[in-house]
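Heads up, the thing below is written out as C-alpha coordinates.
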Amino acid sequence: MTTDTSDLSRIEAKLDTLIRLLALSVASDNHSLKDRAVRLQRAGMTPKDIAALCDTTPNTVSVALSAAKRENKGKKKSK
(Lines give C-alpha, C1' and ligand atoms only; values in the text may rest on other atoms or scores of the structure.)
Protein backbone atom coordinates (compact mmCIF):
# COMPACT_ATOMS: atom_id res chain seq x y z
CA MET A 1 0.00 0.00 0.00
CA THR A 2 1.46 3.32 -1.02
CA THR A 3 0.43 6.73 0.21
CA ASP A 4 1.12 9.70 -1.99
CA THR A 5 1.70 13.24 -0.79
CA SER A 6 -1.82 14.38 -1.66
CA ASP A 7 -3.27 11.74 0.68
CA LEU A 8 -0.88 12.81 3.41
CA SER A 9 -1.80 16.45 2.88
CA ARG A 10 -5.51 15.66 3.21
CA ILE A 11 -4.89 13.65 6.38
CA GLU A 12 -2.78 16.47 7.82
CA ALA A 13 -5.49 19.03 7.05
CA LYS A 14 -8.13 16.90 8.73
CA LEU A 15 -5.97 16.37 11.81
CA ASP A 16 -5.30 20.10 11.99
CA THR A 17 -9.04 20.74 11.88
CA LEU A 18 -9.67 18.25 14.68
CA ILE A 19 -6.95 19.80 16.83
CA ARG A 20 -8.42 23.27 16.32
CA LEU A 21 -11.92 22.07 17.16
CA LEU A 22 -10.68 20.46 20.35
CA ALA A 23 -8.73 23.60 21.25
CA LEU A 24 -11.82 25.72 20.63
CA SER A 25 -13.81 23.58 23.02
CA VAL A 26 -11.13 24.10 25.68
CA ALA A 27 -11.00 27.84 25.03
CA SER A 28 -14.70 28.47 24.62
CA ASP A 29 -15.68 28.66 28.27
CA ASN A 30 -16.09 31.93 30.14
CA HIS A 31 -12.57 32.08 31.55
CA SER A 32 -10.20 34.97 30.96
CA LEU A 33 -7.79 35.07 28.04
CA LYS A 34 -4.98 34.37 30.49
CA ASP A 35 -6.61 31.16 31.72
CA ARG A 36 -7.43 29.99 28.21
CA ALA A 37 -3.92 30.82 26.98
CA VAL A 38 -2.34 28.83 29.82
CA ARG A 39 -4.54 25.81 29.09
CA LEU A 40 -3.82 25.91 25.38
CA GLN A 41 -0.10 26.44 25.88
CA ARG A 42 -0.01 23.40 28.18
CA ALA A 43 -1.63 21.50 25.32
CA GLY A 44 1.33 22.46 23.13
CA MET A 45 -0.03 25.40 21.19
CA THR A 46 2.05 28.45 20.31
CA PRO A 47 0.98 32.04 21.06
CA LYS A 48 0.30 32.47 17.34
CA ASP A 49 -2.09 29.49 17.30
CA ILE A 50 -3.76 30.59 20.54
CA ALA A 51 -4.22 34.10 19.17
CA ALA A 52 -5.96 32.77 16.09
CA LEU A 53 -8.39 30.77 18.22
CA CYS A 54 -9.05 33.58 20.70
CA ASP A 55 -9.34 36.32 18.08
CA THR A 56 -6.45 38.41 19.39
CA THR A 57 -2.78 39.00 18.61
CA PRO A 58 0.16 36.74 19.45
CA ASN A 59 1.66 39.60 21.46
CA THR A 60 -1.46 39.86 23.61
CA VAL A 61 -1.31 36.12 24.26
CA SER A 62 2.38 36.35 25.18
CA VAL A 63 1.63 39.16 27.65
CA ALA A 64 -1.17 37.10 29.21
CA LEU A 65 1.13 34.07 29.52
CA SER A 66 3.85 36.21 31.12
CA ALA A 67 1.35 37.60 33.62
CA ALA A 68 0.22 34.08 34.49
CA LYS A 69 3.82 33.02 34.97
CA ARG A 70 4.48 35.99 37.28
CA GLU A 71 1.36 35.20 39.31
CA ASN A 72 2.38 31.57 39.59
CA LYS A 73 5.85 32.54 40.85
CA GLY A 74 4.27 34.86 43.43
CA LYS A 75 2.05 32.06 44.70
CA LYS A 76 5.01 29.69 45.05
CA LYS A 77 7.06 32.25 47.02
CA SER A 78 4.26 32.93 49.49
CA LYS A 79 3.94 29.24 50.42
> Only one residue in Leu65, Leu53 is surrounded by 11 or more Cβ atoms within 10 Å (Cβ to Cβ), of a type outside the set (Gly, Ala, Ser) and in contact with a Leu (Cβ under 8 Å, 6 or more places away or on another chain), so which one is that?
Replying inline: Leu53
> Within the stretch 42-56, is even one residue without any contact (Cβ under 8 Å) to a residue 40 or more places away in the chain and more than 30 Å from Arg70 (Cα to Cα)?
Replying inline: no
> Considering only the stretch 57-79, how many residues are in contact (Cβ under 8 Å) with a residue 24 or more places away in the chain and either at positive phi or not small (Gly, Ala, Ser) (or both)?
Replying inline: 3
> Could you list, in sequence order, the residues of the stretch 8-47 that are part of a helix (DSSP H, G or I), among the hydroxyl-bearing types (Ser, Thr, Tyr) and at pLDDT below 90?
Replying inline: Thr17, Ser25
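The values are calculated or read from the model by the stated rules, or taken from the named source; none is laboratory data. The structure presented is a predicted model; accordingly, all values stated were derived computationally and were not measured. Ideal geometry is used to build each Cβ from the backbone, glycine not excepted, and the neighbour counts take in all protein chains shown.
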